[in-house]
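Undergrad: Questions regarding the structure given below will be posed in turn.
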Amino acid sequence: MSGTGIGQPVRRKEDQRFITGSGRYTDDFQLEGQAYGYFVRSPHAHAKIKSIDSAAALAADGVVAVLAGKDLAADELGGLICGWMVHSKDGSEMKAGAHPALAVDRVRYTGDHVAIVIAETLAQAKDAAELVEVDYETLPSVSDGLKALESGAPQIHDEAQGNLVFDWELGDKAATEAAFASAAHVTKFSLNNNRLVPNAMEPRAAIGAYEPASGDYTLYTTSQNPHVARLVLSAFVQLVPEHKLRVVAPDVGGGFGSKIFIYPEETVCAWAAGKVKRPVKWTAERSESFLADAHGRDHHTDAELALDAEGKILGLRVHTTANLGAYLSTFASSVPTYLYGTLLSGQYNIPNIYVTVDGVYTNTAPVDAYRGAGRPEATYVVERTLDAAAREMKLDPAEIRKRNFISEFPHQTPVIMNYDIGDYPASLQKALELIDYKGFANRKTASESAGKKRGIGFSTYIEACGIAPSAAVGSLGAGVGLWESAEVRVNPTGSVEVLTGAHSHGQGHETTFAQLVSERLGVPIDNVEIIHGDTNSVQFGMGTYGSRSGAVGMSAIDKAIDKVVAKAKKIAAHMMEAAESDIEFADGNFTVAGTDKQLAFPEVSLAAYVGHQFPTDEIEPGLKEGAFYDPTNFTFPAGCHICELEVDPETGATEIVKMVAVDDFGRIINPMIVEGQVHGGIAQGIGQALLEHGIYEPESGQLLTGSFMDYTMPRADDLPHFDVGLTETLCPSNPLGIKGCGEAGAIAAPAAVMNALSDALGVMDIPMPATPHTVWSILQQTN
Amino acid sequence: MTTVSMTVNGKAVSEDVEDRTLLVHYIRDHLRLTGTHVGCDTSQCGACVVHVDGRAVKSCTMLAAQAEGADIKTIEGLADGDTLHPVQAAFKEHHGLQCGFCTPGMIMCAVDMIRRIPNLDEKTIREELEGNLCRCTGYQNIVKAIKAASEEMRA
Amino acid sequence: MYALKYHRAKSLDEAKQLISQSEDPKIVAGGQTLIPTLKQRLASPSDLIDIANLPDFAGISVSGDTVSVKAGTKHFEVATSADVQGKIPALAHLAGLIGDPHVRHMGTIGGSLANNDPSADYPAAVLGLNATVHTTERQIGADDFFQGMFETALEENEIITSVDFPAAEKAAYMKFPNPASRYAMVGVFVAKTSGGVRVAVTGAGACVFRVPEMEQALAANFAPDAVASIKVPADDLNSDIHGSAEYRAHLVTVMAKRAVAAAIA
């Protein structure tokens, strides 16, 4: 299939509405009779709520209601949940404190939810919110993960003594110790992984609506997984039974993980709509996004690498303290454990690995999955520590990687994962060529004569994507299965509607999924509609995150198409009076082998609905099939990113002059979209390395980087042109050979940038983000 | 309350609004032109960029009352009927958007940029995008789209 | 934003009258600093007096060696004015670094100076060029105009009408932006005029300030090396998550050196 099939850079179908201003994001909806909600938030990092007096607010112009935690409690609604059980070394379950959608007697971070003021207009709600008098008794707070574990630190939840939610381990401790005992060289390296604020450009929003006649609730929300939201709100929060709640996630303006989670605001809007019997709309201001969206990363790590005299890795030992924030967000516990520790083998043949992770409560915004989720942190540990070893052992950073690459597949790592396929030397080699590694020495000399310090840095990363299979994630503690569903509906005229449980919030599913249908059924791409994001349309699905929609979501569509084709062949066989086994289907035509008989796909689809030309007692009329697809393994995208940069030693400013990415994503459906995903990921990775940092003031627990005035978002002139290349080994674990591409850039780039910076400065220990001030300070110490 | 009258996408509009109403809220909530977005509250992100009397401005940093008598163009008014503006077409052709949220502001910014600057090179485009944030694309294809549109419109 | 009353003044007299009649008035011209402040509810004026549409309130003219910029002139106009580019290219360059293109389409020189944000760019040019600020009441020299953080010599009912910039023999502005906000972390304006050499620093302290040691050194030798080893004390400089006072002090020297290099280039 040419033009619009698999592998073609098809221009996106969804673009038409976005470039003309016709997209429909949650805040674009105005429901009849809608009122506006504004949240009263805690100005303190930690405090007891002694009383809430809302009388003045209730008396203010336009105010419909003021609802607080006690009202939620009176309605016996449950709290928000963390859906992944992690056990400590001693086998005990993680110690999770309660997470009410509105605080009852205690607030635990700046921005915590205290009450909602509902009014006729947003301005009135906001005016009245200032009149809600909350009497707080402030308590000492702690925002740093390591400090939260110190004795005498403020106790945040009674359930987690000493603020320790879990102390988790993975790997063989004794074997790893033995490997270290026999090592010729041991490299020790401590590193931070800075807290990030996801900052999808569309702020979160929610509109709750209630239909008194039927008792039905509808929630419009900025979600990456509306079905999971419905499940949690019905089964756990117990707002209303699942069949009485519709969740719609319309156009969503970016997620990067932050819109996976079930948040207090959407919960409260849905519930409040039932209380006030009219739609309640809330849209985050950006400052609320900073305060109350789930943040990402925030690790302190001590790593040790044992090597033999030739630089072959013998063992890796890692201890990480993961700041989880004030409450456990929906998947918070999985990120620094099963999405992190399991990736510590990188692309390398490491016989022994032992990792321990302390998950810690602090008085900060909850921390959960953000683009890459655990895998950027793992890559950063492995790639930085390996570079430190190369530096100490005076080995070329490319050479030490080559010496340790895994070369035979499948490969069982000591940390659960079984890599199915890859070709790591190929991506390294291609990246070395793209960046002209041989010419680097000359470029460095030229920079030096211009007063600049030049460096080059590598990151040969691996990730586990296509988050699934259900049995595997279940055995690791996931509260859900991670399959995906699809329903392929062929209309009588031969046009096709695909209902998918995946959700597109920038990924371009309406195009790539349609490319698959177009390729398989020979239907023009304009005759394919991808439907997603509405629990009333799609029966169930797990949503989009973890680079899973291609590998898992499209595979489900592929399976459903198999069933459609099988049934259509039966119908075609009857229509052409041939044996079913003689029917062939290609390029949208059914033919009878060895004859010139043929039927076009729309002729068969029409016949399927007319039902005149086949025995309807043997074959049901209609042409609609569904599939639930559960893969056999994770997928393992991998590749090599190389960064070359220049530092101005007078100001400490860093300029990335070259950024090369060579990735193996398995089969590519649409190379244009894949490249776009890589670009965006790298931008976020560079942002983490050089620009972005969520900083809480240690004493007060106030978020110092609470707006774009202080939190440095990557802008166009902060970033270089990215040179992107591909290698390909087809994934054997799903029918399409797809590995996934959404997170690679964010996973690989930070280590590449920081390794380049270390090369330029001759210093390994540089914290992220390496701002001009940070770099300048390091140069002051070393000079 | 104050009465504001202006021309929006060629159409005269007039309405009573609260004095404190921002132009972006007037456009979105009163005129129901929801293509113009709000992505921040500190006048940084540029999702709200519209043209006021032919120049790109941030509609979140202006009261509706300040636009009294002005000629406003929003993303909805950019295409000529069914014919896309060259910048719109270039964003599609060069994959200059992903989630689409920053896109209207980016396109309105780009149209203004191309109007002002005859020969746009990559460096200039990146500098001129200082007032527009995108979290999806890493800007590479936005830059590419603007350059292509600029060349096409000069041709 | 808190509720307020908006007025559009048709003349300076009307503006002054509206100011005197209002309980807690604020003047708005371009509004690029004021509107964000109001949105954050950091100020709650009772009345907003819009002077953006006053007749004859914007424009640039040249008379001899003086460039006169009327108060309502937008940053974009100054940045792209052939007159400014011809007479004081450093001023046009500086105006082109303020905010972003959209902000430059709205923001005005009068608004910027009246606000006197410690990290704004214009104060560096006004002080560095020893410009004269004309108001509805009087004219104020640059050295007297800027009085502290967000503080100027302006009285409550006094409105800036124009600014006269003397042309410089050599001048340049070098800005090291705050990575997040892109305001000046340190901006240094260096000018050599018939009246002598001036070095004005914005962003580093509570208010724009001059560096006399640098001025003296440059008067003797207008070359980058002349200032390369002159340090300003860090004691009174700003310190925040983006840069310590010591870093800012260091950047003052670096930016001054680079500004001189640019001025003689």
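Undergrad: Do any strands (runs of 3 or more DSSP E) entirely within region A:236-316 hold 1 or more residues that are over 30 Å from A:Asn404 (Cα atoms), and if so, which? Give the derivation first.
TA: Details: elements: A:245-248, A:280-283, A:299-307.
Of the strands (runs of 3 or more DSSP E) lying wholly inside region A:236-316, those with at least 1 residues that are over 30 Å from A:Asn404 (Cα atoms) span A:245-248, A:280-283.
Undergrad: Tell me which residues, restricted to region B:88-120, are assigned to a loop (DSSP other than H, G, I, E, B), more than 7 Å from chain A (Cβ to nearest Cβ) and open to solvent by less than 10 Å² (accessible area, probe 1.4 Å).
TA: Start the filter on region B:88-120 by keeping residues that are assigned to a loop (DSSP other than H, G, I, E, B), which leaves B:94-102, B:117-120.
Pick out the ones that are also more than 7 Å from chain A (Cβ to nearest Cβ) and you get B:94, B:96, B:117-120.
B:Gly96, the sole residue that qualifies.
Undergrad: Being within 11 Å of another protein chain (Cβ to nearest Cβ), at pLDDT 95 or above, open to solvent by less than 30 Å² (accessible area, probe 1.4 Å) and in contact with a strand residue (DSSP E or B) (Cβ under 7 Å, 6 or more places away or on another chain): is that true of A:Gly37 here?
TA: Details: within 11 Å of another protein chain (Cβ to nearest Cβ): no; at pLDDT 95 or above: yes; open to solvent by less than 30 Å² (accessible area, probe 1.4 Å): yes; in contact with a strand residue (DSSP E or B) (Cβ under 7 Å, 6 or more places away or on another chain): yes.
So A:Gly37 fails the test.
Undergrad: Restricting attention to region C:167-185, and to residues there that are of a type outside the set (A, V, I, L, M, F, W, C) and open to solvent by 40 Å² or more (accessible area, probe 1.4 Å), which single residue is farthest from A:Thr771 (Cα to Cα)?
TA: The first filter runs over region C:167-185 and keeps only residues of a type outside the set (A, V, I, L, M, F, W, C), leaving C:169-170, C:173, C:175, C:177-179, C:181-183.
Next cut, open to solvent by 40 Å² or more (accessible area, probe 1.4 Å) only: C:169-170, C:177, C:183.
Values: C:Glu169: 36, C:Lys170: 33, C:Pro177: 12, C:Tyr183: 16 Å.
Checking each candidate, the answer is C:Glu169.
Yes or no, residue by residue, for (1) among the small types (Gly, Ala, Ser); (2) more than 11 Å from chain A (Cβ to nearest Cβ); (3) touching a helix residue (DSSP H, G or I) at 6+ places or on another chain (Cβ under 7 Å):
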residue: B:Ala12; (1), (2), (3): yes, yes, no
residue: B:Glu18; (1), (2), (3): no, no, yes
residue: B:Val24; (1), (2), (3): no, yes, yes
residue: B:Arg28; (1), (2), (3): no, no, no
residue: B:Leu31; (1), (2), (3): no, yes, no
residue: B:Thr42; (1), (2), (3): no, no, yes
residue: B:Val49; (1), (2), (3): no, yes, yes
residue: B:Gly54; (1), (2), (3): yes, yes, no
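Undergrad: Go through region A:761-776 and report how many residues are in a helix (DSSP H, G or I), closer than 18 Å to A:Gly685 by Cα and away from chain C (no Cβ under 14 Å).
TA: 0
Undergrad: Sort out which residues of region A:560-612 are open to solvent by 80 Å² or more (accessible area, probe 1.4 Å) and assigned to a helix (DSSP H, G or I), and write them in order of number. Can you show your working first?
TA: At the first step, the residues of region A:560-612 found to be open to solvent by 80 Å² or more (accessible area, probe 1.4 Å) are A:563, A:570, A:577, A:580-581, A:584, A:587, A:594, A:596-598, A:603, A:606, A:609, A:612.
Answer for region A:560-612, where residues must be open to solvent by 80 Å² or more (accessible area, probe 1.4 Å) and assigned to a helix (DSSP H, G or I): A:Lys563, A:Lys570, A:Glu580, A:Ser581, A:Glu603, A:Leu606, A:Tyr609.
Undergrad: Right, something else. Taking the residues in region B:121-139 that are in a helix (DSSP H, G or I) and β-branched (Val, Ile, Thr) as candidates, determine which candidate is most open to solvent (accessible area, probe 1.4 Å).
TA: Kept after step one, since they are in a helix (DSSP H, G or I), are these residues of region B:121-139: B:122-131.
Restricting the remaining residues to those that are β-branched (Val, Ile, Thr) gives B:124-125.
On the way: B:Thr124: 36, B:Ile125: 0 Å².
The extreme case among them is B:Thr124.
Undergrad: Out of C:Ala58, C:Ala124, C:Ala90, I need the residue that is in a helix (DSSP H, G or I) and in contact with a Gly (Cβ under 6 Å, 6 or more places away or on another chain). Which one? Full working, then the answer.
TA: Values: C:Ala58 fails: in a helix (DSSP H, G or I); C:Ala90 fails: in contact with a Gly (Cβ under 6 Å, 6 or more places away or on another chain).
Every option except C:Ala124 fails the conditions.
Undergrad: Could you count how many residues in region B:49-64 are surrounded by 24 or more Cβ atoms within 10 Å (Cβ to Cβ) and outside any strand (DSSP E or B)?
TA: 5
Undergrad: For region C:169-217, which fully contained strands (runs of 3 or more DSSP E) count at least 3 residues that are over 21 Å from C:Ala153 (Cβ atoms) and either in contact with a Gly (Cβ under 7 Å, 6 or more places away or on another chain) or of a type in the set (Gly, Ala, Ser) (or both)?
TA: Output list reads C:170-177, C:184-193.
Undergrad: Looking at region C:1-21, I want the residues that are part of a helix (DSSP H, G or I) and have a partner that is open to solvent by 50 Å² or more (accessible area, probe 1.4 Å) with Cβ atoms under 8 Å, at least 6 apart or on another chain. Which pairs are those?
TA: Matching pairs, first to second residue: C:Ala15/C:Ile27; C:Lys16/C:Asn157; C:Ile19/C:Ile27; C:Ile19/C:Glu156; C:Ile19/C:Asn157; C:Ser20/C:Asn157.
Undergrad: Mind telling me which of the residues A:Glu697, A:Glu692, A:Glu728, A:Glu743 ends up being within 14 Å of another protein chain (Cβ to nearest Cβ) and open to solvent by 50 Å² or more (accessible area, probe 1.4 Å)? Can you show your working first?
TA: On the way: A:Glu692 fails: open to solvent by 50 Å² or more (accessible area, probe 1.4 Å); A:Glu728 fails: within 14 Å of another protein chain (Cβ to nearest Cβ); A:Glu743 fails: open to solvent by 50 Å² or more (accessible area, probe 1.4 Å).
Going through A:Glu697, A:Glu692, A:Glu728, A:Glu743 in turn, the sole match is A:Glu697.
Undergrad: Follow-up. Restricting to region B:65-87, count the residues that are buried (at least 24 other Cβ atoms within 10 Å of the Cβ) and assigned to a loop (DSSP other than H, G, I, E, B).
TA: 1
Undergrad: If you don't mind, another one. Going through region A:710-725 one residue at a time, which ones are out of contact with any Ser or Thr (no Cβ under 9 Å at 6 or more places or on another chain), assigned to a loop (DSSP other than H, G, I, E, B) and either more than 10 Å from chain B (Cβ to nearest Cβ) or more than 18 Å from C:Pro101 (Cβ to Cβ) (or both)? Don't jump to the end; show me each part of the working.
TA: Here is the first cut: in region A:710-725, the residues out of contact with any Ser or Thr (no Cβ under 9 Å at 6 or more places or on another chain) are A:713-717, A:719-724.
Still in the running and assigned to a loop (DSSP other than H, G, I, E, B): A:713-715, A:719-721.
Listed by number, the residues that qualify are A:Pro714, A:Leu719, A:Pro720, A:His721.
Undergrad: For region A:436-453, which residues satisfy the criterion of being exposed (fewer than 11 other Cβ atoms within 10 Å of the Cβ) and touching a residue at least 40 places away in the same chain (Cβ under 8 Å)?
TA: A:Gly451
Undergrad: Further question on the same structure: Mind listing whichever residues of region C:22-35 are without any contact (Cβ under 8 Å) to a residue 60 or more places away in the chain and within 11 Å of B:Met62 (Cβ to Cβ)? Working first, answer last.
TA: Residues of region C:22-35 that are without any contact (Cβ under 8 Å) to a residue 60 or more places away in the chain, as a first pass: C:22-26, C:35.
Correct list: C:Ile35 only.
Undergrad: Which pairs turn up if I take residues in region C:163-191 that are within 14 Å of chain A (Cβ to nearest Cβ) and look for partners that are open to solvent by 20 Å² or more (accessible area, probe 1.4 Å) and acidic (Asp, Glu) with beta carbon separation below 6 Å, at least 6 apart in sequence or on another chain?
TA: Short answer, once both residue conditions are applied: C:Ala180/A:Asp710.
Undergrad: I'd like to verify a number: residues in region A:650-686 that are more than 10 Å from every other protein chain (Cβ to nearest Cβ), open to solvent by 10 Å² or more (accessible area, probe 1.4 Å) and in contact with a helix residue (DSSP H, G or I) (Cβ under 7 Å, 6 or more places away or on another chain), how many?
TA: The number of residues fulfilling the criteria is 5.
Undergrad: What residue, among those in region C:52-97 that are within 11 Å of chain B (Cβ to nearest Cβ) and closer than 26 Å to B:Arg20 by Cβ, is most open to solvent (accessible area, probe 1.4 Å)?
TA: Applying the filter and picking the extreme gives C:Asn53.
Undergrad: If you don't mind, another one. Taking A:Thr342, is it open to solvent by less than 10 Å² (accessible area, probe 1.4 Å), more than 30 Å from A:Ile156 (Cβ to Cβ) and of a type in the set (Ser, Thr, Tyr)? Break it down stepwise before answering.
TA: Working: open to solvent by less than 10 Å² (accessible area, probe 1.4 Å): yes; more than 30 Å from A:Ile156 (Cβ to Cβ): no; of a type in the set (Ser, Thr, Tyr): yes.
No; evaluated as a whole, the condition is false for this residue.
Undergrad: Which one of these does A:Ser22 not meet: (1) surrounded by fewer than 23 Cβ atoms within 10 Å (Cβ to Cβ); (2) more than 14 Å from chain B (Cβ to nearest Cβ); (3) hydroxyl-bearing (Ser, Thr, Tyr)?
TA: Answer for A:Ser22: the failing condition is (2).
Undergrad: Which of the residues belonging to region A:185-211 are more than 14 Å from chain B (Cβ to nearest Cβ) and more than 12 Å from A:Arg297 (Cβ to Cβ)?
TA: Once the filter is applied, which keeps residues that are more than 14 Å from chain B (Cβ to nearest Cβ) and more than 12 Å from A:Arg297 (Cβ to Cβ), region A:185-211 yields A:His185, A:Val186, A:Thr187, A:Lys188, A:Phe189, A:Ser190, A:Ala206, A:Gly208, A:Ala209, A:Tyr210, A:Glu211.
Undergrad: Report yes if some residue within region A:94-108 is more than 22 Å from A:Tyr338 (Cβ to Cβ), surrounded by fewer than 15 Cβ atoms within 10 Å (Cβ to Cβ) and in contact with a strand residue (DSSP E or B) (Cβ under 9 Å, 6 or more places away or on another chain); otherwise report no.
TA: Yes; the residues of region A:94-108 include at least one that is more than 22 Å from A:Tyr338 (Cβ to Cβ), surrounded by fewer than 15 Cβ atoms within 10 Å (Cβ to Cβ) and in contact with a strand residue (DSSP E or B) (Cβ under 9 Å, 6 or more places away or on another chain).
Undergrad: Which of (1) surrounded by 24 or more Cβ atoms within 10 Å (Cβ to Cβ); (2) within 10 Å of chain B (Cβ to nearest Cβ); (3) among the polar types (S, T, N, Q) does A:Ser707 not meet, given it meets every other one?
TA: The number of the failed condition is (1).
Undergrad: Residues in region A:498-508: is at least one touching a Cys at 6+ places or on another chain (Cβ under 7 Å) and crowded, with 21+ Cβ neighbours inside 10 Å? Walk me through it before giving the result.
TA: Narrowing region A:498-508 to residues touching a Cys at 6+ places or on another chain (Cβ under 7 Å): A:505-506.
Adding the requirement that they be crowded, with 21+ Cβ neighbours inside 10 Å leaves A:505-506.
Yes: region A:498-508 contains one or more residues that are touching a Cys at 6+ places or on another chain (Cβ under 7 Å) and crowded, with 21+ Cβ neighbours inside 10 Å.
Undergrad: A follow-up question, please. Conditions: (1) without any contact (Cβ under 8 Å) to a residue 40 or more places away in the chain; (2) within 13 Å of chain C (Cβ to nearest Cβ). B:Gly138 meets all but one. Number of the miss?
TA: Just one mismatch for B:Gly138, condition (2).
The values are calculated or read from the model by the stated rules, or taken from the named source; none is laboratory data. Computed from a predicted structure; not experimentally measured. Here the Cβ is made from the backbone with ideal geometry for all residues, glycine too, and neighbour counts use every protein chain on show. With ligands, DNA and RNA removed, areas are computed over all heavy atoms of the protein, side chains included. Shrake-Rupley method; radii C 1.70, N 1.55, O 1.52, S 1.80 Å.
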